[in-house]
1. Could you tell me whether region 24-144 comes out rounded, prolate or oblate from its Cα gyration tensor? Rule is a ≥ b ≥ c as square roots of the eigenvalues, rounded for a/c under 1.5, then prolate if a/b exceeds b/c, otherwise oblate.
2. Give me the one-decimal nm value for the distance between modelled label points at Leu307 and Asp220, 7 Å along each residue's Cα-to-Cβ direction.
3. Using label points projected 7 Å from each Cα along Cα→Cβ, tell me how many nm separate Leu273 and Val241, to one decimal.
4. Of all the accessible heavy-atom surface of the chain, with the other protein chains kept in place and a 1.4 Å probe, what percent is carbon and sulfur?
5. According to a simple spin-label model (label point 7 Å from Cα along Cα-to-Cβ), what is the distance in nm between Leu88 and Arg264?
6. For a Förster distance of 30 Å, can you work out the FRET efficiency between the beta-carbons of Val234 and Ser180, rounded to the nearest 0.05?
7. As an exercise, use a Förster radius of 22 Å and the Cβ-Cβ distance of Asp64 and Arg33 to find the FRET efficiency, rounded to the nearest 0.05.
8. Tell me the mean residue ellipticity at 222 nm calculated for the chain from its helices only (DSSP H runs of n ≥ 4, each -39500 (n - 2.57), averaged over every residue, nearest 500).
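The values are calculated or read from the model by the stated rules, or taken from the named source; none is laboratory data. Worth saying up front: this structure is predicted, and the values here are computed from it rather than measured. Positions of Cβ are generated from backbone atoms using ideal geometry, with glycine treated the same way; all protein chains shown enter the neighbour counts. SASA here: full protein model, heavy atoms, side chains in, ligands and nucleic acids out. Shrake-Rupley method; radii C 1.70, N 1.55, O 1.52, S 1.80 Å.
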Amino acid sequence: MTASEATMGTEGGTTLVIGEALMDVVVTADGSREYPGGSPMNVSAGLALLEVPTTFLTRLGADDRGNRVRQRLDDAGVTLAAGSVDQLATSTATATIDASGAASYQFDVEWDLPPEVNTHGVNHLHFGSIAAFLSPGAAKVEQWVEAVRASATVSYDPNIRPQFLADRHATLDAVRRHVSASDVVKASLEDVHWLYPGRTVAEVAVEWMSRGPSLVVVTDGANGAVAACTAGMVTIAALSVPVADTIGAGDAFMSGLIAALGERGYLGTGRALLRTIPLDIVREVANSATMCAALTVGKSGATPPTLAELHAVNPA
């Protein structure tokens with residue numbers, strides 16, 4: 001059975017993730033393997049495994065690779081939005097893993113969205129990565145973000161991929177728009193350095209906060225993360241764990257962050273609460289997200305934890 005194509009929304013509200021899905025071709029010294037991937041796809045699977053009702057709007061081919069991605073979504077419990085499958089080939093990302101476990105990428109991506117989307121019942125929307133920059137789909141992503149902002153909270157992860165970003169000025173303009181449209185922004189240190197060479201994480205976090213978000217988090221792998229909110233800034237320590245590879249670690253952090261905020265009532269109708277979120281809660285949700293990332297890097301490929309796995313190591 002494959003993920004059902006359905007309209008969005010459940011009685012209690014759902015999280016809508018918009019973005020690319022593709023096949024990760026992982027190349028190591030031992031050969032190559034293929035895994036369903038794409039940052040937004042990973043986030044949607046991570047959310048569903050954490051038992052957050054999740055719908056994913058994407059673009060997949062009606063081919064073997066697309067079927068494997070759809071099976072991955074179905075296994076995680078993600079609802080695939082109607083119109084997400086077309087007749088083009090499923091996109092691919094080739095990840096070459098070095099001796100330290102770090103990944104470098106090459107992409108073959110087609111990106112567009114259907115002209116009509118049912119956003120009824122969505123109480124949180126997450127977007128970002130290649131889908132927020134690559135035409136023609138990027139303009140439609142912005143359209144759907146604007147369509148739900150009045151009734152749903154929004155999170156954004158730029159997940160910068162320089163291969164798709166020839167025009168730095170246009171990229172910075174897009175990032176500013178996306179940050180301004182969001183309540184929660186998560187970026188990696190690599191994203192920040194590419195976007196704003198020479199600027200500190202604190203400087204960028206303060207600027208982004210001034211554009212409207214209530215929470216900005218910048219992750220730095222084994223060095224932990226920094227989170228900024230209206231109450232101030234807090235540093236989150238990383239966890240020391242054996243690393244199989246780092247694929248999907250940032251995405252697992254993002255899904256863990258969304259799930260932890262939602263569990264505590266800070267998303268959807270909790271937007272006003274999010275604007276005044278206290279530092280102790282920021283530390284709690286960031287620690288939970290960090291644990292999700294740590295559990296992911298211990299496995300090959302983007303394999304985020306289930307809620308049971310998270311609770312087994314992080315009962316809070």
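1. It is prolate, given that a/c is not under 1.5 and a/b is the larger ratio.
2. Going by the 7 Å Cα→Cβ label model, 3.4 nm.
3. For the pair Leu273/Val241, the computed spacing is 2.7 nm.
4. On the chain, the fraction of accessible area on carbon and sulfur atoms equals 52 percent.
5. Reported label-point gap for Arg264 and Leu88 is 4.0 nm.
6. The value I calculate is 0.80.
7. Here the calculated transfer efficiency is 0.90.
8. Rounded to the nearest 500, it is -10500 deg cm²/dmol.
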